[in-house]
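Step one of this worksheet: look at the structure below.
The values are calculated or read from the model by the stated rules, or taken from the named source; none is laboratory data. Predicted model, so just to flag it, every value in this text is computed and none were measured. For neighbour counting, all protein chains shown are included, and Cβ atoms are generated from backbone atoms with ideal geometry for every residue, glycine included.
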Amino acid sequence: MVLVRCNKCGWIGKDEELGLYYGDDIEYCPKCKSTDALMDLEAGCSFDEKEIEKLWELLGDIPVNDDDEIEEDFLGFPEGTHKEEVWYWFDEVYPAGVCRLMMGGE
């Protein structure tokens, strides 16, 4: 899964959610329609708390196999990465920790 952030309005989502100007093959942000502020996301990017919460939500869309490995690339973690490795990253970058994310931020 390729994740994208619009640096103009802050929208984060899947690349498949981007709009496309017909005939030009130019992708745009579905929220603000910007074409020049989009960037692909990786774990090395910096995120605020709300963005991390959105990324956690998107992680829930990633299938996991019987060995607890993710079955799609996610934020630079390749397919086959154990889900706990991804959770450790969230625990490091989210101030309240991954347990708070698992409880829905409460």
Response to the item:
The condition from (1) of a type in the set (A, V, I, L, M); (2) in contact (Cβ under 8 Å) with a residue 24 or more places away in the chain; (3) touching a His at 6+ places or on another chain (Cβ under 9 Å) that ILE70 misses is numbered (2)
Discussion item. With the requirement that a residue be surrounded by fewer than 13 Cβ atoms within 10 Å (Cβ to Cβ) and in a loop (DSSP other than H, G, I, E, B), what does region 1-30 give you?
Written reply: ASN7, TYR22, GLY23, ASP24, ASP25
Response to the item:
Residue pairs qualifying under the 9 Å Cβ cut-off, at least six apart or on distinct chains, with the first in region 35-55 being more than 18 Å from PHE77 (Cβ to Cβ) and assigned to a loop (DSSP other than H, G, I, E, B) and the second being modelled with pLDDT of 95 or more and of a type in the set (A, V, I, L, M, F, W, C), are THR35/CYS29; ALA37/CYS6; ALA37/CYS9; ALA37/CYS29
Item to complete: Kindly provide the set of residues from region 14-32 that are in contact with a strand residue (DSSP E or B) (Cβ under 7 Å, 6 or more places away or on another chain) and closer than 23 Å to LEU55 by Cβ, ordered by number.
Response: LYS14, ASP15, LEU18, GLY19, GLU27, TYR28, CYS29, PRO30, LYS31, CYS32
Discussion item. Going through ASP91, ASP66 one at a time, which residue ends up being in a helix (DSSP H, G or I) and over 14 Å from the mean Cα position of the chain (by Cα)?
Written reply: ASP91
Item to complete: Give me a count of the residues in region 69-88 that are in a strand (DSSP E or B) and among the acidic types (Asp, Glu).
Response: 1
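Let's see how each residue does on (1) closer than 17 Å to ASP15 by Cα; (2) within 11 Å of the chain's Cα centre (by Cα); (3) modelled with pLDDT under 95:
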{"position": "LEU59", "(1), (2), (3)": "yes, yes, no"}
{"position": "ILE70", "(1), (2), (3)": "no, no, no"}
{"position": "GLY80", "(1), (2), (3)": "no, no, no"}
{"position": "LEU101", "(1), (2), (3)": "no, no, yes"}
{"position": "GLY105", "(1), (2), (3)": "no, no, yes"}
